[in-house]
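The values are calculated or read from the model by the stated rules, or taken from the named source; none is laboratory data. Since this is a predicted model, take the numbers as computed values, not measurements. Ideal geometry is used to build each Cβ from the backbone, glycine not excepted, and the neighbour counts take in all protein chains shown.
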Amino acid sequence: MIEYIDNSFTYFQYLSLIDRLLAEDKTTGPDQSKNRVGFGRLNRARMKRLEKTLVLEDGDSIQGKAIMIATGVRRRHLKVAGELEFAGRGILDSGAKDKDLVRDAHVVIVGGGDAALENALVLSKNARTVTVVHRGKDFSARNEFVEAAKGRPNIIFKTMHTVRRFLGNEKLEGIELIDEIGNPSTIDVQFALIRIGVEPNTELFRGQLDLDEKNYVAVACNFVTSIPNVYAIGDVACPNVPTIATAIGSAAIAVKELKLTV
Ligand SMILES: Cc1cc2nc3c(=O)[nH]c(=O)nc-3n(C[C@H](O)[C@H](O)[C@H](O)COP(=O)(O)OP(=O)(O)OC[C@H]3O[C@@H](n4cnc5c(N)ncnc54)[C@H](O)[C@@H]3O)c2cc1C
(Lines give C-alpha, C1' and ligand atoms only; values in the text may rest on other atoms or scores of the structure.)
Protein backbone atom coordinates (compact mmCIF):
# COMPACT_ATOMS: atom_id res chain seq x y z
CA MET A 1 0.00 0.00 0.00
CA ILE A 2 1.29 3.44 -0.88
CA GLU A 3 0.61 6.29 1.44
CA TYR A 4 -0.50 9.37 -0.34
CA ILE A 5 0.71 12.92 0.25
CA ASP A 6 -0.36 15.17 -2.54
CA ASN A 7 1.76 18.13 -3.48
CA SER A 8 1.30 18.26 -7.19
CA PHE A 9 -2.11 19.75 -7.82
CA THR A 10 -3.82 23.06 -7.48
CA TYR A 11 -5.71 23.49 -4.24
CA PHE A 12 -9.05 22.70 -5.85
CA GLN A 13 -7.75 19.67 -7.72
CA TYR A 14 -6.22 18.63 -4.44
CA LEU A 15 -9.52 18.85 -2.59
CA SER A 16 -11.39 16.88 -5.21
CA LEU A 17 -8.69 14.22 -5.22
CA ILE A 18 -8.75 14.01 -1.44
CA ASP A 19 -12.56 13.70 -1.57
CA ARG A 20 -12.18 10.81 -3.97
CA LEU A 21 -9.56 9.09 -1.87
CA LEU A 22 -11.62 9.52 1.28
CA ALA A 23 -14.68 8.19 -0.52
CA GLU A 24 -12.70 5.16 -1.62
CA ASP A 25 -11.57 4.71 1.97
CA LYS A 26 -15.13 4.53 3.17
CA THR A 27 -15.68 1.55 0.90
CA THR A 28 -12.86 -0.27 2.67
CA GLY A 29 -14.09 0.60 6.16
CA PRO A 30 -13.35 3.42 8.60
CA ASP A 31 -10.49 1.60 10.31
CA GLN A 32 -8.57 1.64 7.03
CA SER A 33 -9.03 5.34 6.50
CA LYS A 34 -6.19 6.64 8.66
CA ASN A 35 -3.81 4.21 7.08
CA ARG A 36 -4.55 5.32 3.57
CA VAL A 37 -4.88 9.08 3.39
CA GLY A 38 -2.65 11.56 5.16
CA PHE A 39 -3.14 15.28 4.77
CA GLY A 40 -0.99 18.07 6.10
CA ARG A 41 2.31 19.85 5.95
CA LEU A 42 5.30 17.57 5.97
CA ASN A 43 7.58 18.32 8.88
CA ARG A 44 10.03 15.43 8.92
CA ALA A 45 10.87 12.53 6.69
CA ARG A 46 12.73 9.35 7.49
CA MET A 47 13.63 7.58 4.30
CA LYS A 48 15.53 4.36 4.48
CA ARG A 49 15.62 1.26 2.36
CA LEU A 50 13.38 -0.62 4.79
CA GLU A 51 11.63 2.18 6.63
CA LYS A 52 9.72 5.11 5.19
CA THR A 53 8.02 7.43 7.63
CA LEU A 54 6.62 10.89 7.10
CA VAL A 55 5.77 13.08 10.07
CA LEU A 56 3.27 15.86 9.52
CA GLU A 57 3.24 19.22 11.27
CA ASP A 58 0.47 18.10 13.61
CA GLY A 59 2.61 15.16 14.73
CA ASP A 60 0.69 12.59 12.70
CA SER A 61 3.03 9.99 11.31
CA ILE A 62 2.50 8.03 8.12
CA GLN A 63 4.35 4.93 7.13
CA GLY A 64 4.39 3.37 3.71
CA LYS A 65 6.23 1.17 1.31
CA ALA A 66 6.86 3.97 -1.14
CA ILE A 67 7.04 7.74 -1.18
CA MET A 68 6.43 10.11 -4.07
CA ILE A 69 8.02 13.51 -3.44
CA ALA A 70 6.49 16.47 -5.29
CA THR A 71 7.35 19.41 -3.07
CA GLY A 72 8.17 21.71 -5.99
CA VAL A 73 10.18 24.90 -5.78
CA ARG A 74 9.78 28.27 -4.10
CA ARG A 75 10.83 31.79 -5.08
CA ARG A 76 14.33 32.73 -4.06
CA HIS A 77 14.72 35.67 -1.69
CA LEU A 78 17.38 38.36 -1.74
CA LYS A 79 17.84 38.01 2.03
CA VAL A 80 18.46 41.74 2.52
CA ALA A 81 17.13 44.19 5.10
CA GLY A 82 13.55 45.32 4.57
CA GLU A 83 12.61 42.48 2.23
CA LEU A 84 10.26 40.80 4.69
CA GLU A 85 9.22 44.05 6.37
CA PHE A 86 7.88 45.60 3.15
CA ALA A 87 6.29 42.46 1.73
CA GLY A 88 2.75 43.52 0.86
CA ARG A 89 3.65 47.13 1.70
CA GLY A 90 5.36 47.93 -1.55
CA ILE A 91 7.08 44.65 -2.34
CA LEU A 92 4.68 42.96 -4.72
CA ASP A 93 3.74 39.34 -4.93
CA SER A 94 2.84 39.23 -8.60
CA GLY A 95 3.21 41.65 -11.48
CA ALA A 96 0.12 40.36 -13.28
CA LYS A 97 -2.08 40.51 -10.18
CA ASP A 98 -0.80 43.86 -8.95
CA LYS A 99 -0.54 45.72 -12.25
CA ASP A 100 -3.34 48.15 -11.38
CA LEU A 101 -1.67 49.08 -8.09
CA VAL A 102 1.38 50.57 -9.78
CA ARG A 103 -0.41 53.19 -11.87
CA ASP A 104 1.88 56.26 -12.24
CA ALA A 105 4.30 54.84 -9.65
CA HIS A 106 8.03 54.17 -9.80
CA VAL A 107 8.72 50.44 -9.71
CA VAL A 108 11.86 48.35 -9.39
CA ILE A 109 12.12 44.81 -10.67
CA VAL A 110 15.05 42.77 -9.40
CA GLY A 111 16.30 40.01 -11.69
CA GLY A 112 17.46 39.34 -15.22
CA GLY A 113 15.55 36.27 -16.35
CA ASP A 114 12.28 35.70 -18.20
CA ALA A 115 10.13 36.36 -15.13
CA ALA A 116 11.84 39.69 -14.41
CA LEU A 117 11.68 41.00 -17.97
CA GLU A 118 8.16 39.74 -18.63
CA ASN A 119 6.96 41.49 -15.47
CA ALA A 120 8.81 44.65 -16.48
CA LEU A 121 6.82 44.66 -19.71
CA VAL A 122 3.53 44.06 -17.90
CA LEU A 123 4.09 46.72 -15.23
CA SER A 124 5.50 49.34 -17.61
CA LYS A 125 2.04 49.68 -19.16
CA ASN A 126 0.78 51.35 -15.98
CA ALA A 127 3.85 52.45 -14.02
CA ARG A 128 5.58 55.77 -14.59
CA THR A 129 8.98 54.04 -14.63
CA VAL A 130 10.15 50.48 -14.22
CA THR A 131 13.81 50.08 -13.26
CA VAL A 132 15.24 46.62 -13.85
CA VAL A 133 18.05 45.96 -11.38
CA HIS A 134 20.25 43.08 -12.45
CA ARG A 135 23.51 41.90 -10.88
CA GLY A 136 24.96 40.75 -14.22
CA LYS A 137 25.79 42.46 -17.47
CA ASP A 138 23.73 40.26 -19.80
CA PHE A 139 20.21 39.04 -19.29
CA SER A 140 19.29 35.38 -19.22
CA ALA A 141 15.75 36.28 -20.34
CA ARG A 142 14.70 35.33 -23.85
CA ASN A 143 15.70 37.83 -26.46
CA GLU A 144 12.17 38.86 -27.41
CA PHE A 145 11.52 40.06 -23.82
CA VAL A 146 14.85 41.90 -23.65
CA GLU A 147 14.35 43.61 -27.01
CA ALA A 148 10.75 44.55 -26.19
CA ALA A 149 11.85 45.98 -22.81
CA LYS A 150 14.66 47.98 -24.44
CA GLY A 151 12.05 49.48 -26.75
CA ARG A 152 9.90 50.81 -23.89
CA PRO A 153 10.92 54.39 -23.00
CA ASN A 154 9.86 54.04 -19.35
CA ILE A 155 11.94 50.91 -18.67
CA ILE A 156 15.35 51.78 -17.21
CA PHE A 157 18.15 49.24 -16.88
CA LYS A 158 20.57 49.15 -13.96
CA THR A 159 22.86 46.24 -14.73
CA MET A 160 25.82 45.27 -12.53
CA HIS A 161 23.89 46.48 -9.50
CA THR A 162 22.69 44.58 -6.45
CA VAL A 163 20.13 45.49 -3.81
CA ARG A 164 21.59 46.32 -0.42
CA ARG A 165 18.31 47.10 1.37
CA PHE A 166 14.74 48.27 1.05
CA LEU A 167 13.95 51.59 2.70
CA GLY A 168 10.81 53.23 4.04
CA ASN A 169 8.57 53.75 7.02
CA GLU A 170 5.02 52.48 6.75
CA LYS A 171 5.52 51.64 3.10
CA LEU A 172 8.37 51.07 0.70
CA GLU A 173 9.93 54.38 -0.28
CA GLY A 174 13.32 53.54 -1.75
CA ILE A 175 15.96 50.97 -2.52
CA GLU A 176 19.63 51.19 -1.77
CA LEU A 177 21.79 49.69 -4.50
CA ILE A 178 25.46 48.84 -4.80
CA ASP A 179 27.27 48.95 -8.11
CA GLU A 180 30.01 46.60 -9.24
CA ILE A 181 32.77 48.53 -7.47
CA GLY A 182 30.85 48.94 -4.24
CA ASN A 183 29.44 52.47 -4.69
CA PRO A 184 26.05 52.86 -3.04
CA SER A 185 23.12 54.77 -4.56
CA THR A 186 19.47 55.16 -3.65
CA ILE A 187 16.44 55.29 -5.91
CA ASP A 188 12.97 56.40 -4.88
CA VAL A 189 10.34 53.76 -5.60
CA GLN A 190 6.92 52.88 -4.33
CA PHE A 191 6.85 49.28 -5.52
CA ALA A 192 9.31 46.45 -6.10
CA LEU A 193 9.05 42.95 -7.49
CA ILE A 194 11.75 40.34 -6.86
CA ARG A 195 12.22 37.71 -9.55
CA ILE A 196 15.59 36.09 -8.99
CA GLY A 197 14.72 32.49 -9.65
CA VAL A 198 13.57 29.59 -7.55
CA GLU A 199 15.04 26.98 -5.22
CA PRO A 200 13.81 23.47 -4.53
CA ASN A 201 11.91 22.50 -1.38
CA THR A 202 14.31 19.75 -0.40
CA GLU A 203 15.57 20.74 3.05
CA LEU A 204 13.64 17.87 4.61
CA PHE A 205 15.41 15.32 2.44
CA ARG A 206 18.99 16.58 2.75
CA GLY A 207 21.35 13.97 4.14
CA GLN A 208 18.93 11.21 3.20
CA LEU A 209 18.53 11.41 -0.56
CA ASP A 210 21.15 12.31 -3.14
CA LEU A 211 20.64 15.89 -4.30
CA ASP A 212 22.35 17.61 -7.22
CA GLU A 213 24.63 20.64 -6.89
CA LYS A 214 21.62 22.98 -6.83
CA ASN A 215 19.81 20.86 -4.23
CA TYR A 216 17.25 19.35 -6.61
CA VAL A 217 16.54 15.66 -5.97
CA ALA A 218 18.75 13.48 -8.13
CA VAL A 219 16.66 10.90 -9.98
CA ALA A 220 17.11 8.14 -12.53
CA CYS A 221 15.12 8.17 -15.77
CA ASN A 222 12.25 6.39 -14.00
CA PHE A 223 12.27 9.15 -11.33
CA VAL A 224 13.44 6.86 -8.57
CA THR A 225 15.77 8.59 -6.11
CA SER A 226 18.89 7.19 -4.45
CA ILE A 227 16.61 5.17 -2.15
CA PRO A 228 14.52 2.35 -3.65
CA ASN A 229 10.78 3.07 -3.73
CA VAL A 230 11.28 6.77 -3.06
CA TYR A 231 10.41 8.79 -6.17
CA ALA A 232 10.69 12.51 -6.89
CA ILE A 233 8.56 14.09 -9.59
CA GLY A 234 7.75 17.52 -10.96
CA ASP A 235 9.80 20.65 -10.41
CA VAL A 236 11.70 19.27 -7.41
CA ALA A 237 13.36 16.76 -9.75
CA CYS A 238 13.18 18.54 -13.12
CA PRO A 239 15.08 21.83 -12.84
CA ASN A 240 15.53 22.23 -16.58
CA VAL A 241 11.91 21.87 -17.65
CA PRO A 242 9.64 23.07 -14.85
CA THR A 243 6.25 22.71 -16.50
CA ILE A 244 2.91 21.10 -15.76
CA ALA A 245 3.50 18.67 -18.64
CA THR A 246 6.82 17.56 -17.13
CA ALA A 247 5.27 17.18 -13.69
CA ILE A 248 2.45 15.03 -15.04
CA GLY A 249 4.77 13.05 -17.32
CA SER A 250 7.24 12.34 -14.52
CA ALA A 251 4.37 11.29 -12.24
CA ALA A 252 3.04 8.90 -14.90
CA ILE A 253 6.47 7.29 -15.34
CA ALA A 254 7.04 7.02 -11.59
CA VAL A 255 3.61 5.52 -10.93
CA LYS A 256 4.09 2.95 -13.66
CA GLU A 257 7.47 1.98 -12.20
CA LEU A 258 6.09 1.94 -8.69
CA LYS A 259 3.30 -0.45 -9.65
CA LEU A 260 5.94 -2.90 -10.82
CA THR A 261 8.07 -2.67 -7.70
CA VAL A 262 5.75 -2.24 -4.71
C1 LIG B 1 3.58 32.12 -12.00
C2 LIG B 1 3.77 30.77 -12.63
C3 LIG B 1 3.20 30.50 -13.85
C4 LIG B 1 3.37 29.26 -14.46
N5 LIG B 1 2.80 29.03 -15.67
C6 LIG B 1 2.93 27.83 -16.24
C7 LIG B 1 2.30 27.54 -17.48
O8 LIG B 1 1.63 28.38 -18.06
N9 LIG B 1 2.46 26.29 -18.03
C10 LIG B 1 3.21 25.33 -17.39
O11 LIG B 1 3.32 24.22 -17.92
N12 LIG B 1 3.81 25.57 -16.21
C13 LIG B 1 3.69 26.78 -15.62
N14 LIG B 1 4.30 27.04 -14.42
C15 LIG B 1 5.11 25.97 -13.82
C16 LIG B 1 4.21 24.92 -13.13
O17 LIG B 1 3.32 25.58 -12.25
C18 LIG B 1 5.06 23.92 -12.39
O19 LIG B 1 5.98 23.34 -13.28
C20 LIG B 1 4.22 22.82 -11.77
O21 LIG B 1 3.26 23.36 -10.90
C22 LIG B 1 5.11 21.84 -11.02
O23 LIG B 1 4.32 21.00 -10.26
P24 LIG B 1 4.92 20.35 -8.94
O25 LIG B 1 3.87 19.43 -8.45
O26 LIG B 1 6.26 19.80 -9.18
O27 LIG B 1 5.13 21.56 -7.92
P28 LIG B 1 4.10 22.61 -7.33
O29 LIG B 1 2.93 22.80 -8.22
O30 LIG B 1 4.94 23.80 -7.00
O31 LIG B 1 3.58 21.95 -6.01
C32 LIG B 1 4.41 21.75 -4.90
C33 LIG B 1 3.53 21.73 -3.67
O34 LIG B 1 4.23 21.13 -2.58
C35 LIG B 1 3.89 21.83 -1.42
N36 LIG B 1 4.90 21.62 -0.39
C37 LIG B 1 6.18 22.05 -0.36
N38 LIG B 1 6.76 21.66 0.78
C39 LIG B 1 5.83 20.97 1.48
C40 LIG B 1 5.82 20.32 2.74
N41 LIG B 1 6.88 20.31 3.54
N42 LIG B 1 4.68 19.70 3.14
C43 LIG B 1 3.58 19.69 2.36
N44 LIG B 1 3.52 20.30 1.17
C45 LIG B 1 4.64 20.92 0.74
C46 LIG B 1 3.82 23.27 -1.89
O47 LIG B 1 3.10 24.04 -0.97
C48 LIG B 1 3.10 23.10 -3.21
O49 LIG B 1 1.71 23.10 -3.04
C50 LIG B 1 4.14 28.25 -13.80
C51 LIG B 1 4.70 28.53 -12.55
C52 LIG B 1 4.53 29.77 -11.97
C53 LIG B 1 5.16 30.05 -10.61
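Here are a few things to note about the model shown:
- Considering residues of segment 91-112 that are under 24 Å from Asp138 (Cα atoms) and out of contact with any Leu (no Cβ under 9 Å at 6 or more places or on another chain) only, the residue surrounded by the fewest Cβ atoms within 10 Å (Cβ to Cβ): His106
- Test: residue in segment 24-40 that is surrounded by fewer than 18 Cβ atoms within 10 Å (Cβ to Cβ), assigned to a loop (DSSP other than H, G, I, E, B) and modelled with pLDDT of 60 or more: yes
- The residue that is farthest from the ligand (Cβ to nearest atom), among those in segment 200-236 that are more than 14 Å from Ala66 (Cα to Cα), hydrophobic (A, V, I, L, M, F, W, C) and assigned to a strand (DSSP E or B), is Leu211.
- Of the criteria (1) modelled with pLDDT under 95; (2) within 22 Å of Phe139 (Cα to Cα), which one Glu176 fails: (1)
- Checking segment 50-62 against the condition returns a match, with at least one residue being touching a residue at least 40 places away in the same chain (Cβ under 8 Å) and within 14 Å of the ligand (Cβ to nearest atom).
- Of all residues in segment 132-166, those satisfying the criterion of being in contact (Cβ under 8 Å) with a residue 60 or more places away in the chain and out of contact with any Gly (no Cβ under 6 Å at 6 or more places or on another chain) are Val163, Arg164.
- Number of residues in segment 113-131 that are touching a residue at least 40 places away in the same chain (Cβ under 8 Å) and either crowded, with 24+ Cβ neighbours inside 10 Å or more than 15 Å from the ligand (Cβ to nearest atom) (or both) equals 5.
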